[in-house]
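Undergrad: Take this structure, written in structure tokens, and hold onto it; I'll ask about it next.
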Amino acid sequence: MYICNSVRQSIKIIQHLEVMSSLIIKSFAQYKKEYARSVENPEGFWAERADEFVWHRKWDKVLDYNFVDYQTQWFVNGKLNITENCLDRHLATQGDKKAIVWEPNDPNDAGQTLTYRELHAKVCQFSNVLKSLGVVQGDRVCLYMPMIPELAIAVLACARLGAVHSVVFGGFSAQSISDRINDSACKILVTSDGAFRGNKEIKLKDIADEAMSSTPSVEKCIVFKRTGSFVHWTAGRDLWWHEEMAKASVDCPAISVDSEDPLFILYTSGSTGKPKGVLHTTAGYMVYTHYTFANVFRPGKNDVYWCTADIGWITGHSYIVYGPLLAGATTVMFEGIPTWPDAGRFWQVIDKLKVNQFYTAPTALRSLMGAGLQHVAPYSLSTLKVLGSVGEPINEEAWIWYHKYIGKSRCPIVDTWWQTETGGILISPLPNVTKLKPTMATLPLPGVQPVLLTPEGKEITENNVEGLLCIKYPWPSIIRTTYGDHERCRATYFGLFPGYYFTGDGAKRDEDGYYRIIGRVDDVINVSGHRIGTAEVEDAINKHPFVVESAVVACPHPIKGQGIYAFIICDRTIVSEKAFKDEVLLEVTKQIGAIAKPDIIQVVPGLPKTRSGKIMRRILRKIAEGDISNLGDTSTLLDPSIVDVIKAGAPTLKGK
Ligand code: PRX
């Protein structure tokens, strides 16, 4: 057994930067070698990568898993605290280095910088606030906040106490928040009075108040003052962030948690039912996000890294907070939106903060591309070294535009494929190591063993093929369970193809073994890189009193990648379609949030159903795509004539 003593720990801290650089793959030959080793001896490979961290107790065994009834444990019986590895271990060598650079929504407002030392102090203080409110290890804490440093502070403060954070994206509705809070019985809700997004102010506290009218588990609500606007106050429950912080000490020892103790829950949509709480644990997530961050973005010692995601999504968890801080990097947090005050905002921030690695989503690139090059022209973008893409397939036009006009044809693009469930990037080029091909996520990172399967579950071994993307061996940050319902986790990811983790994505593999992700093969729509379950949207639409039934499918969208197309049957003649559609949009916004609003609504007299009552979504998808060249066999439909009626009324087919 190995207990880290202080001398050994100090040596490790000093060695940290050297170790960091030895983790980095520098050539394609080295990639091949490390990949081969990670497959031949995964435990040895990951043990080396875990060894540089501060552990209170070293693990007994690197990996224990089975994909049958599904369980995975990494670094079994290890004891640690992830925040010591994100913060404390950097203090001796780089306490004055910038940890977080915050860029506010309004370019005229002053931003904020927190050094590692300052961030450490604030995290300790907020941990003490949570502690004073009775939060103990294992308690769940919901964070519903804007993109302000306090969100990262709250995330880390939970982790320091071993409490489990559940961040809910600031664009979700009251109903979505209360569903998530109730699913995991959160004890505390942290929010702010409001949030600035472009020229709008969103009253987060009002939404949180509505949510808390049906969340019996919430004992206290901590409110950060961001916008200064009026808030309703529930005495005894609501507390101001600044008042509580003023009382709290900056000293808070990190508690020792087990490698497999939960770190966070993040809700994500699946093909059925309500969003599920994807649960990630501590040590494996730490080792994997650090290793992938360091290799995919490879920031130099004085570099500034910027990921434009929101911490409400997995990209923000892994590659704004944990990955960069574990690596001792400088990470930018941006509160605003890409198109306000104008479509040059990203490029202006890159020049202002001298950003070296920039990570964004194809949907943002497409909208900025559409705004024209006059918004790019004023900026030099000369500090950029690596460009990243995530969340959805990047189309060739956007890839080339990004490469040419933002990267000035000298910055590699890392098209990173991964998921909430995978915790970290699984397939991606390594910059200046992997030969790029536009639109391709290219090759698996070391430790990742992807396969393509036929619908019957047979492995396809040749190249130049298309299939269902699965992974056949665990990596350290693989999902551990879906909160409160392990069977749902097993059935969703391991039930369909025994022995494999099923991603829900289809992919192509070319002659070089490069992967290109095609998109979801299940009933999940990827809107602007955000996952929306069709069943969730249908449930929301069906709440409208006139609606008898609805079917939701994806349609192509020039900016969002995929849009939402809803076919709706009503129980009466709709006098004003416009008024009805507005009401449906309102209902969806209320139930889920504005991100799930359908782009197209078509009122139909019936849906194409089989004799057993199953909706043939394949036909609806074709109509939504505006492609009726091959609708396939419709003879098994109960009423084949309904297809012609739907076609005749489909806006996507007008003029075809
Ligand atoms: O369909 C894939 C798509 O996003 C899904 C995962 O969504 P989520 O869990 O919200 O995580 C998004 C951020 C990691 C995947 O199943 N996706 C993600 N990255 C890519 C992608 N599709 C194509 N190319 C990518 N680089």
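Undergrad: Considering only residues of the stretch 279-304 that are touching a helix residue (DSSP H, G or I) at 6+ places or on another chain (Cβ under 6 Å) and open to solvent by less than 20 Å² (accessible area, probe 1.4 Å), which is nearest to residue 102 (Cα to Cα)?
TA: This residue is 293.
Undergrad: Another one. Report yes if residue 605 is farther than 29 Å from residue 482 by Cβ and either touching a residue at least 60 places away in the same chain (Cβ under 8 Å) or among the hydroxyl-bearing types (Ser, Thr, Tyr) (or both), otherwise no.
TA: no
Undergrad: Then there is this: Any chance the stretch 402-417 includes a residue that's farther than 16 Å from residue 101 by Cβ, more than 23 Å from the chain's Cα centre (by Cα), within 16 Å of the ligand (Cβ to nearest atom) and open to solvent by 30 Å² or more (accessible area, probe 1.4 Å)?
TA: Yes: the stretch 402-417 contains one or more residues that are farther than 16 Å from residue 101 by Cβ, more than 23 Å from the chain's Cα centre (by Cα), within 16 Å of the ligand (Cβ to nearest atom) and open to solvent by 30 Å² or more (accessible area, probe 1.4 Å).
Undergrad: Considering only residues that are assigned to a strand (DSSP E or B), touching a helix residue (DSSP H, G or I) at 6+ places or on another chain (Cβ under 8 Å) and open to solvent by 20 Å² or more (accessible area, probe 1.4 Å), which ones fall in the stretch 448-501?
TA: Of everything in the stretch 448-501, just one residue is assigned to a strand (DSSP E or B), touching a helix residue (DSSP H, G or I) at 6+ places or on another chain (Cβ under 8 Å) and open to solvent by 20 Å² or more (accessible area, probe 1.4 Å), namely 481.
The rows are residues; the columns are (1) of a type outside the set (Gly, Ala, Ser); (2) assigned by TED's automatic domain parsing to the domain that holds residue 624.
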residue: 523; (1), (2): yes, no
residue: 535; (1), (2): no, yes
residue: 540; (1), (2): no, yes
residue: 546; (1), (2): yes, yes
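To keep it simple, each residue is scored yes or no on (1) open to solvent by 10 Å² or more (accessible area, probe 1.4 Å); (2) assigned by TED's automatic domain parsing to the domain that holds residue 540; (3) in a helix (DSSP H, G or I).
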site	(1), (2), (3)
156	no, no, yes
160	no, no, yes
170	yes, no, no
191	no, no, no
201	yes, no, no
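Undergrad: Follow-up question, since we're still on this one. Which of the residues belonging to the stretch 85-119 are open to solvent by less than 60 Å² (accessible area, probe 1.4 Å) and among the hydrophobic types (A, V, I, L, M, F, W, C)?
TA: Those that are open to solvent by less than 60 Å² (accessible area, probe 1.4 Å) and among the hydrophobic types (A, V, I, L, M, F, W, C): 86, 87, 91, 99, 100, 101, 102, 114, 119.
Undergrad: Would you be able to say whether some residue in the stretch 74-88 is at pLDDT 95 or above, touching a Leu at 6+ places or on another chain (Cβ under 7 Å) and over 27 Å from residue 250 (Cα atoms)?
TA: So far as the stretch 74-88 goes, yes, one or more of its residues are at pLDDT 95 or above, touching a Leu at 6+ places or on another chain (Cβ under 7 Å) and over 27 Å from residue 250 (Cα atoms).
Undergrad: Every residue in the stretch 619-638 that is surrounded by 14 or more Cβ atoms within 10 Å (Cβ to Cβ) and of a type in the set (D, E, K, R), please.
TA: Hits for the stretch 619-638 are 621, 622, 625, 627.
Undergrad: Something else now. Out of all the residues in the stretch 37-57, which are open to solvent by less than 10 Å² (accessible area, probe 1.4 Å), of a type in the set (A, V, I, L, M, F, W, C) and farther than 24 Å from residue 254 by Cα?
TA: Once the filter is applied, which keeps residues that are open to solvent by less than 10 Å² (accessible area, probe 1.4 Å), of a type in the set (A, V, I, L, M, F, W, C) and farther than 24 Å from residue 254 by Cα, the stretch 37-57 yields 45, 46.
The values are calculated or read from the model by the stated rules, or taken from the named source; none is laboratory data. From a predicted model like this one, the values you see are computed outputs, not experimental measurements. Cβ coordinates were reconstructed from backbone atoms using ideal geometry, including for glycine residues, and neighbour counts include every protein chain displayed. Areas reflect the complete protein model, heavy atoms only, side chains present, ligands, DNA and RNA absent. Shrake-Rupley method; radii C 1.70, N 1.55, O 1.52, S 1.80 Å.
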